[in-house]
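Below is one structure; the comments refer to it alone.
The values are calculated or read from the model by the stated rules, or taken from the named source; none is laboratory data. Worth saying up front: this structure is predicted, and the values here are computed from it rather than measured. When we count neighbours, we look across all protein chains shown, and the Cβ atoms used for this are built from the backbone with ideal geometry, even at glycine. Side chains included, ligands, DNA and RNA excluded: accessible areas come from the protein's heavy atoms. Shrake-Rupley method; radii C 1.70, N 1.55, O 1.52, S 1.80 Å.
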Amino acid sequence: MDFWLISLIKICAAIFLVVLPLVAYSVLAERRISAWIQDRVGPNRVGPWGILQPMADGIKFILKEDFTPGHVRKVYFWLAPAVAMIPALLTLAVIPFGSRLGSTDAVIANLNVGILYTFGIVSLGVYGIVLAGYASNSKYPFLGGIRSSAQMISYEIAMGLSVVPVFMLVGDLNLGAVIDYQKSGVWLAFKQPLAFIIFLIAAFAETNRLPFDLPESETELVGGYHTEYSSMKFALFFLGEYAAMIAVSAMMVVLFFGGWTLPFAGLNETATSLGMGFLQVGIFIGKLLMFMALFIWVRWMLPRFRYDQLMDLGWKRFVPLALANIVVTAVILYFWR
Amino acid sequence: MKIKRPKLTLFERLYLPALWNGFKVTLRHFFSWKKSEVYADKNEGYDFKATLKYPEELWTVPKGFRGAPYLVKDQNDATKCVSCQLCEFVCPPKAIRIVPPGEDGAAADRANAEKLPKEFEIDMLRCIFCGYCEEVCPEEAIFLAKDYYEGYDKDKMRRDYALTGTSRKEMIYDKEKLLELGGVHHDEIRKWEKKQKDADAQENFPVND
């Protein structure tokens, strides 16, 4: 009974107090940063410096007409936004976002196959987009859906292969163990830079962010898979995209940047007090925000890749590189350990 | 047409120089809180980039801008319009409506003019800001508002690209409103003053008899 209650509290707190506000404010951050990069001002009307803009956006999304075009396949059309949003949130279940909070572990589900679970759920994310493309029953969403399925499947392979060396070094699939391994401050990004770079780039492709946003590419596909969506259904796709960014940033923090640890002031040991626990959660969120800023910045920095270049990069560059990385790591581990 | 495809070096093909250059450009723009240089001299003290914070920061109209047509007074605070109705006649969308004073109407409030309009209305919703009224006016009594008349007050510059109202009726400007918005026309030529002087000179011309 206690377990259920505590898990429920952790889930609600993580989603409603951490993830959704983070999503809302990363949308605002995206708009402000893009404005500054493009010499504009950005949203600055709602509240001081526009900090209440997410509320205005939310109210707008809810009040808008939820229009269902006559030519769509209704069941899938309704299902797709939820399918796009939920995997991103589910991924966060296994992320250790801190060491201990009081008497509980700061992780919703301490799975010993954390990474397998993550990849399993992440690969579900493509269904939301494919379903949306199929259900919309018109040209642009269809093309967007096709592109996204090909892109996400391709990059999932590179992504999956890139983290294999990490787990060869750690020797455990539990994400908590990965953080324990990095406690000394020698983060895996320094030990496995190639794996990190491949994972990072694959993460951009997995979350449909520029320079790999081909499934939605506004200029050529008019929004791609969400062309036919409006109101809260569109908002769910939008939130899903940002939630996926948060999930994948959290993954990168855990796998390559030491999770909630910092290699000084005892911050790399399991917290003994509640304040320490929250401080470590803060460290984790801070690292996560750095990656969010990177995601946002890159979007306004790089142009979109051509589709064949995208496939070329995925299959001919990253998959072989990731495989080579596995082999090299294996050889080194065999001889030096 | 033959497109040149430059051979990229290995370093360039790694995409890293492109990344670095992109980062440099975006970073430079991110921190460039420079003012727009287009109207720099007109907008001193404002802190903006390429866009304006509109209601607070206002765009200064360029020379030749055709704003809303307003009636003007001369330097002696007299109405210049003589109710000749040429502007009403020339107005393409028929936005102007003039009621002349009639036979027993009020006299003009200045010399050299017989009459002044009893009513003068411009429907700003109909007006297309073409400037024909300004062009046709023989008395230089109606102007498409802009900031560049002599001695304009910088703080009271008229920004007549932002005509707003909450009803159709409110957008029909009557004579009093038009005169108030038009203000004083700083006319350098002063046609009637010169004519008066000429007439006076004619009158006092010494004749040998």
Study note, to complete from the structure: Summed over the other residues with a beta carbon less than 13 angstrom from that of A:Ser148, with K and R at +1 and D and E at -1, the charge totals -3
Review point. Calculated FRET efficiency, A:Leu173 and B:Leu10, Cβ-Cβ r, R0 35 Å, to nearest 0.05?
Key: 0.40
Review point. Among A:Met292, A:Met152, A:Met311, which one moves the most in a GNM of chain A with springs linking Cα atoms closer than 10 Å?
Key: A:Met311
Point to revise | Listed peptides A:134-143, A:251-260, B:172-181 by packing density, highest first (mean Cβ within 10 Å) | key: A:251-260, A:134-143, B:172-181
Practice item. Count, for each residue of A:286-299, the Cβ atoms from other chains sitting within 10 Å of its Cβ, then give me the mean as a whole number. Key: 1
Review point. So how tilted is helix A:319-336 from the main axis of chain A? Cα-based, degrees 0 to 90, rounded to 10.
Key: 10 degrees
Study note, to complete from the structure: So, over other residues within a Cβ distance under 14 Å of A:Asp312, counting Lys, Arg +1 and Asp, Glu -1, the net charge is +3
Review point. Rounded, prolate or oblate: which one fits the protein assembly as shown, using the alpha carbon gyration tensor with axes a ≥ b ≥ c (rounded when a/c is under 1.5, else prolate when a/b beats b/c, else oblate)?
Key: prolate
**Study point:** Candidates per trypsin sites (Lys or Arg not before Pro) in the range A:250-333, loop by DSSP, up to 12 other Cβ within 10 Å
**Key:** A:Arg306
Check your understanding: What cysteines in the protein assembly as shown have no other cysteine with a beta carbon less than 4.7 Å from their beta carbon?
Key -> A:Cys12, B:Cys81, B:Cys84, B:Cys91, B:Cys127, B:Cys130, B:Cys137
Point to revise | Where GluC sites (Glu not before Pro) in DSSP loops with at most 16 other Cβ within 10 Å are excluded, longest remaining stretch of chain A | key: A:66-268
Exercise for review: Please give the calculated 222 nm ellipticity per residue for chain A, where each DSSP H segment of at least 4 residues contributes -39500 (n - 2.57) and the sum is spread over every residue; nearest 500 deg cm²/dmol?
Suggested key: -20500 deg cm²/dmol
Exercise for review: Take the alpha-carbon centre of the range A:99-158, take the same for the range A:286-337, and report the distance between them in whole Å.
Suggested key: 18 Å
**Study point:** Accessible surface of A:Leu89 - all protein chains present, 1.4 Å probe, nearest 10 Å²
**Key:** 40 Å²
Check your understanding: Hey, what angle do you get for helix A:74-91 against the long axis of chain A, alpha-carbon based, 0 to 90 degrees rounded to 10?
Key -> 20 degrees
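Taking K and R as +1 and D and E as -1, what net charge do the other residues with C-beta under 10 Å from the C-beta of B:Lys175 add up to?
In short, -3.
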Check your understanding: Any idea of A:Leu279's accessible area? Nearest 10 Å², probe 1.4 Å.
Key -> 90 Å²
